[in-house]
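The values are calculated or read from the model by the stated rules, or taken from the named source; none is laboratory data. Values in this document were obtained by computation on a predicted structure and should not be read as measured data. Methodologically, a virtual Cβ is constructed for each residue, glycine included, from the backbone with ideal geometry; neighbour enumeration extends over all protein chains shown.
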Amino acid sequence: MNLSGKTVLITGGRRVGAHLALALAQRGANVAMSYFKSRDAIESTAAEVRKLGVRAATIAADLRLPADAERLVAQTVAELVSIDALVNMASEFHPTPFDKLQSADFDDAIASNLKGPYLVAVAAARAMRKQPIVNGLQGKIINFTDWAVDRPYRNFLPYFISKGGVVAMTKALAAELAPTIAVNAIAPAMIDPPPNLSADDIEAIRQASPLKRLGAPSDAVHLV
């Protein structure tokens, strides 16, 4: 697919997001990436994107804050002209054993994994609605959730609740924004385990997968 002249905003452009940014750039898309703490990693990816002959923007934002979500979208449009697609990837994933659960664990998961994507999706959709309709669409929104929402495993209760909310949000946004903005979700298996997971946690997640393996970046990238 030729994406020349299109702009894609990726939240959480580290790890899998970096693979996606490069894949989109290879198809000709300009790429904007948000970051909260991982500036060096994002800037490195942006440099690789630019080597492919397209434009890249890196934008610091705390997506839990409405003003930051709105600024992220506005800056994307200001630097790269449009926002043709949003890929909501930013999330927090870490174990929360039931016996040690605190109310803050729930609040943090909802803020990072549901509120943030919601705020960015709303801001992006409002910007997309100002754009011309091309081939029936003004834009696309893709939300990343988790395959295990329908078959959760232990020690990640707040995380799964928040990701289940992303599924509901995707369906509601699709109804709200049709027919000119397409909204879909991708639910991959775990890809690139974060460093805060123990070997036992990773093995338990692998065994819970029907394929008995972790996901690969290519599993998600080709779906976008």
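Among the helices (runs of 4 or more DSSP H) lying completely within region 119-223, list those that include at least 1 residues that are free of Cβ contacts under 8 Å to residues at least 24 places away in the same chain and on the phi < 0 side of the Ramachandran plot.
In region 119-223, 157-177, 199-208 are the helices (runs of 4 or more DSSP H) which contain 1 or more residues that are free of Cβ contacts under 8 Å to residues at least 24 places away in the same chain and on the phi < 0 side of the Ramachandran plot.
Yes or no: Val221 touching a helix residue (DSSP H, G or I) at 6+ places or on another chain (Cβ under 8 Å) and closer than 21 Å to Gly116 by Cβ? Working first, answer last.
Numbers: touching a helix residue (DSSP H, G or I) at 6+ places or on another chain (Cβ under 8 Å): yes; closer than 21 Å to Gly116 by Cβ: no.
Here the answer is no, as Val221 does not meet what is asked.
Any residue at all in region 104-118 that's part of a helix (DSSP H, G or I), out of contact with any Lys or Arg (no Cβ under 9 Å at 6 or more places or on another chain) and without any contact (Cβ under 8 Å) to a residue 24 or more places away in the chain?
Scanning region 104-118, I find at least one residue that is part of a helix (DSSP H, G or I), out of contact with any Lys or Arg (no Cβ under 9 Å at 6 or more places or on another chain) and without any contact (Cβ under 8 Å) to a residue 24 or more places away in the chain, so the answer is yes.
Quick check on Ile110: is it at pLDDT 95 or above and within 30 Å of Pro95 (Cα to Cα)?
Details: at pLDDT 95 or above: yes; within 30 Å of Pro95 (Cα to Cα): yes.
Yes: the conditions hold for Ile110.
Farther than 26 Å from Gly215 by Cβ, surrounded by 16 or more Cβ atoms within 10 Å (Cβ to Cβ) and touching a helix residue (DSSP H, G or I) at 6+ places or on another chain (Cβ under 6 Å), is that true of Gln131?
Answer is no for this residue.
Looking at region 1-82, what strands (runs of 3 or more DSSP E) fall wholly within it and have at least 2 residues that are surrounded by fewer than 24 Cβ atoms within 10 Å (Cβ to Cβ) and touching a Ser or Thr at 6+ places or on another chain (Cβ under 8 Å)?
Filter on region 1-82 gives 56-60.
Quick one: count up the residues across region 203-224 that are of a type in the set (D, E, K, R) and either surrounded by 14 or more Cβ atoms within 10 Å (Cβ to Cβ) or modelled with pLDDT under 80 (or both).
So in region 203-224, the residues of a type in the set (D, E, K, R) come out as 203, 206, 212-213, 219.
Among the residues that remain, those that are also either surrounded by 14 or more Cβ atoms within 10 Å (Cβ to Cβ) or modelled with pLDDT under 80 (or both) are: 206, 219.
Adding up the residues that qualify gives 2.
Answer with yes or no whether Val167 is surrounded by fewer than 18 Cβ atoms within 10 Å (Cβ to Cβ), modelled with pLDDT of 85 or more and closer than 21 Å to Gly17 by Cβ.
Yes, satisfied.
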